[in-house]
Amino acid sequence: MRARGPSADDRVYPAYKVAALGCALEEGGQPIGPLLEGTELQLADLDRAQTRISRRQLATVYRNAVRVSRDPAIALEAGARMRVTTYGMYGYAMMSSGNLGEALAFSIKYHEMATPTVRMSLDHDDDEATAILAIEDLLGEEELFAFNLELQLSLALSLMRELIGEEFALSRVRASYPRPPHADRYAEHFRCPVAFEQSRDELRFDEWWLQRPLLRSNPITLEVTREICDRTLREMSLRGGVARQVHEVISGDLRRYCDVESVAAELSMTSRTLRRRLAEDGTTFQDLLREIRTQFAITYLRETEMKIEDIADRVGFSDAANFRHAFRRWTDKSPSEYRSTRRPRI
């Protein structure tokens with residue numbers, strides 16, 4: 001099947017940027033409701049991990065934020081609230097990379113998973129021994145141009161500080177848009193000189209930071225999460241077909257939807273029809289189920305102290321022994337071996 005890629009209306013992206021903007025509004029003493037006007041999203045949707053939105057919905061949220069926020073720097077504030085773990089497997093793969101350079105290369109390669117409203121590239125200024133994270137607007141909406149880039153510049157810095165530590169420092173920020181009325185807030189966020197009306201938008205920092213080891217580097221986690229990200233990108237290329245619907249149903253309740261018959265019933269079709277349509281999308285029910293179970297199991301093993309028996313139940317296994325056998329098939333490691341290799345939290 002030929003990959004077409006998600007359209008502007010395909011709901012395939014997590015809602016974490018919407019949630020971050022909502023938190024920024026709420027902390028400023030404003031209700032979140034107006035942020036969602038015209039999106040078909042409800043407040044409860046922002047608390048559901050399985051919620052997916054389209055680029056068009058996100059653009060509507062951005063317009064609402066510009067219109068209703070009393071804080072002209074809300075994009076800076078929302079970007080600073082973003083955390084690596086918010087990005088799911090994409091984020092876990094970034095934090096498991098060996099150094100910052102590898103993490104940035106991964107984030108650029110797999111950026112389609114992160115609700116891409118920008119295009120990123122990593123360049124170098126050899127004369128100044130400087131690394132340059134360049135950011136290019138993809139929304140193409142003049143009234144949102146500065147907002148989109150401001151959020152992304154702030155977001156990128158927040159993630160790099162989380163990956164390396166608060167000591168990470170930029171040498172300069174360059175923005176292509178005019179100096180905004182709240183330009184004094186940039187000093188608080190970026191802690192470096194900022195120039196406006198430049199030729200492009202970029203974060204500059206000393207090149208040696210690229211070799212800086214990450215706080216939670218883990219090659220085993222990186223290998224597994226990269227494989228999951230590859231599969232997720234393939235599913236996203238199906239542009240919201242039945243494979244995406246199945247993914248959302250299973251992710252919503254792994255205990256209940258761990259067989260093709262129950263998922264088919266939820267989607268109001270026969271299991272035979274579901275298998276046929278998944279084949280047309282270039283996948284199978286078992287492949288999707290394995291991918292989702294692996295994703296959830298890795299998250300529980302890495303981020304919690306849950307017992308193996310409880311994790312097995314959470315991902316839809318009747319007993320821990322079956323889960324252990326399956327997990328070894330997926331990762332070449334037992335759950336206990338995998339958990340023992342993770343780095344301690346810092």
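The values are calculated or read from the model by the stated rules, or taken from the named source; none is laboratory data. Model, not experiment: these values are computed from the prediction. Neighbour counts are summed over all protein chains in view; Cβ atoms, including those assigned to glycine, are modelled from backbone coordinates with ideal geometry. For the accessible areas, the whole protein counts, side chains as well, though only heavy atoms, and no ligand, DNA or RNA atoms are used. Shrake-Rupley method; radii C 1.70, N 1.55, O 1.52, S 1.80 Å.
Only residues that are in a helix (DSSP H, G or I), open to solvent by 50 Å² or more (accessible area, probe 1.4 Å) and closer than 22 Å to residue 39 by Cα: list them for the range 63-109, please.
Matches in the range 63-109: 63, 66, 67, 86.
Does the range 177-199 contain any residue that is without any contact (Cβ under 8 Å) to a residue 12 or more places away in the chain and assigned to a loop (DSSP other than H, G, I, E, B)?
no
Please go through the range 309-325 and pick out each residue that is touching a residue at least 60 places away in the same chain (Cβ under 8 Å) and either surrounded by fewer than 17 Cβ atoms within 10 Å (Cβ to Cβ) or within 13 Å of residue 290 (Cα to Cα) (or both).
Result: 315, 316.
Would you point out which residue out of 269, 306 is in contact with a helix residue (DSSP H, G or I) (Cβ under 6 Å, 6 or more places away or on another chain), more than 21 Å from residue 95 (Cα to Cα) and either at pLDDT below 90 or open to solvent by less than 90 Å² (accessible area, probe 1.4 Å) (or both)?
Result of the check over 269, 306: 306.
What pairs come up if the first residue lies in the range 141-165 and is open to solvent by 20 Å² or more (accessible area, probe 1.4 Å), the second is among the basic types (Lys, Arg) and not in a helix (DSSP H, G or I), and their beta carbons are under 7 Å apart, counting only those six or more places apart or on different chains?
From the range 141-165, the pairs are 162/83.
Among the residues of the range 54-78, count how many are touching a Gly at 6+ places or on another chain (Cβ under 8 Å) and free of Cβ contacts under 8 Å to residues at least 40 places away in the same chain.
The number of residues fulfilling the criteria is 2.
What pairs can you find where one residue is in the range 8-24 and open to solvent by 20 Å² or more (accessible area, probe 1.4 Å), the other is in a strand (DSSP E or B), and their Cβ atoms are less than 9 Å apart, with a gap of 6+ or different chains?
Between residues of the range 8-24 that are open to solvent by 20 Å² or more (accessible area, probe 1.4 Å) and residues that are in a strand (DSSP E or B), the close pairs are 10/52; 11/52; 11/53; 14/52; 14/53.
Considering 215, 203, 210, which residue is in a helix (DSSP H, G or I), in contact with a helix residue (DSSP H, G or I) (Cβ under 9 Å, 6 or more places away or on another chain) and hydrophobic (A, V, I, L, M, F, W, C)?
210
If residue 168 meets every condition in (1) outside any loop (DSSP other than H, G, I, E, B); (2) hydrophobic (A, V, I, L, M, F, W, C); (3) open to solvent by less than 10 Å² (accessible area, probe 1.4 Å); (4) more than 22 Å from residue 20 (Cα to Cα) apart from one, which number is that one?
Of everything listed in (1) outside any loop (DSSP other than H, G, I, E, B); (2) hydrophobic (A, V, I, L, M, F, W, C); (3) open to solvent by less than 10 Å² (accessible area, probe 1.4 Å); (4) more than 22 Å from residue 20 (Cα to Cα), residue 168 misses just condition (1).
So, residue 226, is that one in a strand (DSSP E or B) and either open to solvent by less than 20 Å² (accessible area, probe 1.4 Å) or at pLDDT 80 or above (or both) or not?
Considered against the rule, which asks whether it is in a strand (DSSP E or B) and either open to solvent by less than 20 Å² (accessible area, probe 1.4 Å) or at pLDDT 80 or above (or both), residue 226 comes out as no.
Of the residues 92, 87, 110, which single one is within 16 Å of residue 157 (Cα to Cα) and among the aromatic types (Phe, Trp, Tyr)?
None of the others qualify; the one that does is 87.
Identify the single condition in (1) loosely packed, with under 14 Cβ neighbours inside 10 Å; (2) over 21 Å from the mean Cα position of the chain (by Cα); (3) not hydroxyl-bearing (Ser, Thr, Tyr) that residue 258 does not satisfy, given that it satisfies every other one.
Only one criterion in (1) loosely packed, with under 14 Cβ neighbours inside 10 Å; (2) over 21 Å from the mean Cα position of the chain (by Cα); (3) not hydroxyl-bearing (Ser, Thr, Tyr) is unmet by residue 258, namely (1).
Restricting to the range 33-62, what's the tally of residues that are open to solvent by 60 Å² or more (accessible area, probe 1.4 Å), part of a loop (DSSP other than H, G, I, E, B) and either touching an Asp or Glu at 6+ places or on another chain (Cβ under 8 Å) or not acidic (Asp, Glu) (or both)?
So the answer is 5.
Which helices (runs of 4 or more DSSP H) sit wholly inside the range 262-346 and have at least 3 residues that are under 23 Å from the mean Cα position of the chain (by Cα)?
Passing ranges, in order: 285-303.
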